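Structure first, then comments.
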Amino acid sequence: MVLLTTMEILFPAKSKSSYLKHNNSALSPVIGAILLILLTVLLAGITVSAVYGKDYSSSLKPAPMAVIEVESVVGGVPRIGYPYGTPYTENFIVLVHKSGEHLCVNSSYIFILGEGGSTIGSFPHFQIPRGEVIIRYEDLGYGGKIPQYRARNPDLSDGVWSAGERLVLNGDDSINGTASSSVFVSINGMANTSNNYGLREKSVVTVKIFDRDSNKMIAQIKHKVTPAK
C-alpha cells in the first residue's frame, strides 16, 4: 500500500507526456506569430518593389563621390533700349572637377538658382523680365545646345567629366529656346522663355549638381556674380 504525502495530494505530479503536451500548446502561438511577422515583412518588400520599381532601387544606389568647385561666375542682365545692359553671351559659370569619381555627362544634371533675367517673346514683341531665375541643364552632353558649348567644353568629348577638367556654362547655351533644347530657364515661375539667362551683378547664385541614376545630389555651391567687363 502506497501512502501519499500531503504535498503529493495537493500538487500531484504531471506525467512527462502531459508536460510536453502543455509546452507544445504554449509554443504553437509563438511560432505562429513569428511566421506571420516574417510573411508580413516578405510581402511588404514585394509590394515596395512592385510599386516603386526602379525608383526604389535607385534610391539605394549611392551618388558618385566628387569635389566640384566654382572657379568663377561672371554676368549681367540685358536691357531693352540704350544702354542695353549685358548680353547673355557674356554670362559665364565655370565649374572645376577637383577630385573624386568621374561624372557621366548623360546622367548628370545641373540646377542654377539666383536672380537675373530671361527673354519672353520674340522680336519685336518681346520683354526681359527680372526676378527669380531657375536654370536647368538636363545633362552635360553636347546635344540640345549651340555648337559653342562643344567648343568651350572639349574635355567632355569622352562622355565623362573627370578630375582636373573644367565645365563652362554660358547664358546663351540653349538652341534658340526650341523644344529640342536641353537647357531650360524659368523667370518668376514663367517657363515660356527663350531659355537664355543673365545673372544679376553682385547677387549670389546656388549651383546644384545631381546624379540621375541615384536621384541624389553630388554637390551644392554658392558663388557671387562678378559684373561682366
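Bear in mind that the values in this text are calculations on the coordinates, not laboratory data. Fair warning: this is a prediction, and the values are worked out from it, not measured in the lab. Counting neighbours? That spans all protein chains shown, and the Cβs are built from the backbone with ideal geometry, glycine included.
Going down the list 202/222; 98/208; 208/229, which pairs span over 24 Å between their C-alpha atoms?
Those over the limit are 208/229.
Give me the Kirkwood hydrodynamic radius of segment 114-229 in Å, from all C-alpha pairs, to one decimal place?
15.2
At residue 166 and residue 60, where each label point lies 7 Å from the Cα along Cα→Cβ, what is the point-to-point distance in nanometres?
4.2
So what's Rg/Rh here for segment 74-129, counting alpha carbon atoms and using the Kirkwood radius for Rh?
Result: Rg/Rh = 1.12.
What is the dipole size for segment 66-227, taken about its Cα centre, with +1 at each Lys and Arg Cβ and -1 at each Asp and Glu Cβ, in debye to the nearest 20?
Dipole magnitude for segment 66-227 comes out near 400 debye.
Say each of residue 36 and residue 130 gets a label point 7 Å from the Cα, pointing the same way as Cα to Cβ; how far apart are those two points in nm?
About 6.8 nm separates the two model spin labels.
Determine the dipole magnitude for segment 177-229: charges of +1 sit on the beta-carbon of Lys and Arg, -1 on that of Asp and Glu, nothing else is charged, the reference point is the Cα centre, and the result goes in debye to the nearest 20.
With only Lys, Arg, Asp and Glu charged at Cβ, the dipole is about 280 debye.
With a sphere of radius 13 Å drawn around the Cβ of residue 201, what net charge do the other residues whose Cβ falls strictly inside it have (Lys, Arg +1; Asp, Glu -1)?
+4
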